[in-house]
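Encoded as structure tokens, the structure appears first; notes follow it.
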Amino acid sequence: MILAHKGIKINYNTFGKGAPVVFLHGFLENSTMWEEAITFFSNQYQCISIDLLGHGNTENLGYVHTMEDMSQAVRVVLDSLKINTATFVGHSMGGYVALAYIDLFADSVSGLVLLNSTSLPDSEERKISRSRAIDIVKKNPNAYTSMAIANLFAEKHRFKFSQQINSIKNQASKTSLQGIISSLEGMKIRKDRGNILQNFKGAKVIFAGKLDPILIYSQSLQEAKQYNIDLVSFDGGHMSYVENKEEFLSELDKFLLASP
């Protein structure tokens, strides 16, 4: 489905009936990443998947897509669906957007799943890495997306999931140059939302990969302890919904069933 917002098109899908669950994809992904999860859950819940700014079939809003910009676009979708409160499941960048949404619209979120994601801002080292990535992608976007996707998986899983990696690379290649750069710029300047995570009164959990090459597992452990939030661990990398699909679906099912 297509919705107009500030002169651009936002693409989203909704399936099923019941308590609403909003699925937010990560950087270089799009709403297609949730197809198996939505097939699994749409017989119990209203599942909404949204292409974030500059990804999938949603157009670019500018040259920097802040997490606030993205969460405002999500709000437009939910308002159009007349959804007042929902559980959010955010993978990586999608988790940053979910936290920004809570920051802006706290009473509109009943539950939060940070999937391979964090409330912490980029370190100085990570900001430098993103700036380098922008330089690389300007020269060769396809080479950048191909390398970036493979590096999200635990090294031991890259051969096993080679077919899925190629499929994700194919989706990533559809992301426009502007969409890639504006998201990198937006992630680089995102706020520390540890206090938002700590003070959020709804059900909340972190799903983390022990072999995540992007978010170091020890950091996720520390974050969970510091903000008194449950942590579910998977034996994989940054792509738990692929590398640990059955466990991910099972744990998400438990979380949604236990949420008020």
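For region 231-260, filtered to residues that are without any contact (Cβ under 8 Å) to a residue 60 or more places away in the chain and touching a helix residue (DSSP H, G or I) at 6+ places or on another chain (Cβ under 7 Å), the residue that is farthest from F207 (Cα to Cα) is F234. Within region 1-28, the set of residues being buried (at least 16 other Cβ atoms within 10 Å of the Cβ), touching a Phe, Trp or Tyr at 6+ places or on another chain (Cβ under 8 Å) and not in a strand (DSSP E or B) comprises G16, H25.
Restricting region 121-159 to residues that are in contact with a Gly (Cβ under 7 Å, 6 or more places away or on another chain) and part of a loop (DSSP other than H, G, I, E, B) leaves a set whose member that is surrounded by the fewest Cβ atoms within 10 Å (Cβ to Cβ) is A154. Contact annotation: residue pairs with Cβ atoms under 8 Å, 6 or more positions apart or on different chains, pairing a residue in region 5-24 that is within 16 Å of S71 (Cβ to Cβ) with a partner that is of a type in the set (D, E) and assigned to a loop (DSSP other than H, G, I, E, B), are I8/E59; I10/D51; I10/E59; Y12/D51.
Here E68 does not fit the description of being surrounded by fewer than 20 Cβ atoms within 10 Å (Cβ to Cβ), touching a residue at least 40 places away in the same chain (Cβ under 8 Å) and in a helix (DSSP H, G or I). Restricting T118, T87 to those that are surrounded by 21 or more Cβ atoms within 10 Å (Cβ to Cβ), assigned to a loop (DSSP other than H, G, I, E, B) and modelled with pLDDT of 95 or more reduces the list to T118. Every condition in (1) under 19 Å from V64 (Cα atoms); (2) more than 18 Å from the chain's Cα centre (by Cα) holds for V97 except the one numbered (2). When I180 is tested against (1) closer than 22 Å to I229 by Cβ; (2) under 18 Å from the mean Cα position of the chain (by Cα), just one condition goes unmet, and that condition is (1).
Within region 212-226, does at least one residue satisfy the condition of being out of contact with any strand residue (DSSP E or B) (no Cβ under 6 Å at 6 or more places or on another chain), without any contact (Cβ under 8 Å) to a residue 12 or more places away in the chain, within 18 Å of F161 (Cβ to Cβ) and assigned to a helix (DSSP H, G or I)? The answer is no, given that none of the residues of region 212-226 is out of contact with any strand residue (DSSP E or B) (no Cβ under 6 Å at 6 or more places or on another chain), without any contact (Cβ under 8 Å) to a residue 12 or more places away in the chain, within 18 Å of F161 (Cβ to Cβ) and assigned to a helix (DSSP H, G or I).
Residue check: is G54 at positive phi, buried (at least 23 other Cβ atoms within 10 Å of the Cβ) and not in a strand (DSSP E or B)? Lay out the reasoning, then the answer.
Values: at positive phi: yes; buried (at least 23 other Cβ atoms within 10 Å of the Cβ): yes; not in a strand (DSSP E or B): yes.
In short, yes.
Assess whether L256 counts as being farther than 22 Å from W34 by Cβ, in contact with a Phe, Trp or Tyr (Cβ under 8 Å, 6 or more places away or on another chain), among the aliphatic types (A, V, I, L, M) and at pLDDT 95 or above. So L256 does not fit the description; no.
The values are calculated or read from the model by the stated rules, or taken from the named source; none is laboratory data. Quick caveat: nothing in here was measured; it's all calculated off a predicted structure. For neighbour counting, all protein chains shown are included, and Cβ atoms are generated from backbone atoms with ideal geometry for every residue, glycine included.
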